[in-house]
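The values are calculated or read from the model by the stated rules, or taken from the named source; none is laboratory data. Bear in mind that the values here come from a model prediction, so they are computed numbers and not experimental data. Every residue, glycine as well, gets a Cβ built from its backbone with ideal geometry; the counts of neighbours run over all protein chains shown. Areas reflect the complete protein model, heavy atoms only, side chains present, ligands, DNA and RNA absent. Shrake-Rupley method; radii C 1.70, N 1.55, O 1.52, S 1.80 Å.
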Amino acid sequence: MSTDKPSQNEDEYFARRDAELIEKQRTERAKAATAAERKSHYMKCPKCGADLETIEQSGVHVDRCPECAGLWLDAGELEQITQHADPGFIGRVFSNFLGSRRK
């Protein structure tokens, strides 16, 4: 009783398997596109798009844009600066950044 036509169960199995494979490929492509997009923005100034440089100020590494003088802090860096600061420290830090930009 051999037939050349696949049974309905076989058709359903292969259709489901193909749909799962297609969904897996879509997910992998989306992840790769997201990773490429993120990589293209890494260490770029959000304001002007120039490459950021990392500088150390009072023991804290901060990102600074050499083009627009933007100063970018990562999570927790502002707290690190203010924890170890004496009164007027923040003003001196920012005046140092502004002074280095004017050179």
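Computed quantities for the displayed model
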{"read-out": "Tally of residues being closer than 30 Å to Cys68 by Cβ and either touching a helix residue (DSSP H, G or I) at 6+ places or on another chain (Cβ under 9 Å) or not in a loop (DSSP other than H, G, I, E, B) (or both) across the range 25-48", "value": "10"}
{"read-out": "Condition met for Ile22 (in contact with a helix residue (DSSP H, G or I) (Cβ under 8 Å, 6 or more places away or on another chain) and either open to solvent by 50 Å² or more (accessible area, probe 1.4 Å) or modelled with pLDDT under 75 (or both))", "value": "no"}
{"read-out": "Which numbered condition Lys44 misses (of (1) under 26 Å from Gln80 (Cα atoms); (2) modelled with pLDDT of 90 or more; (3) among the basic types (Lys, Arg))", "value": "(2)"}
{"read-out": "Selection within the range 60-103 - at pLDDT 80 or above and either hydroxyl-bearing (Ser, Thr, Tyr) or open to solvent by 80 Å² or more (accessible area, probe 1.4 Å) (or both)", "value": "His61, Glu67, Trp72, Asp74, Ala75"}
{"read-out": "Residues (in a loop (DSSP other than H, G, I, E, B) and surrounded by 12 or more Cβ atoms within 10 Å (Cβ to Cβ)) located in the range 50-59", "value": "Ala50, Leu52, Ser58"}
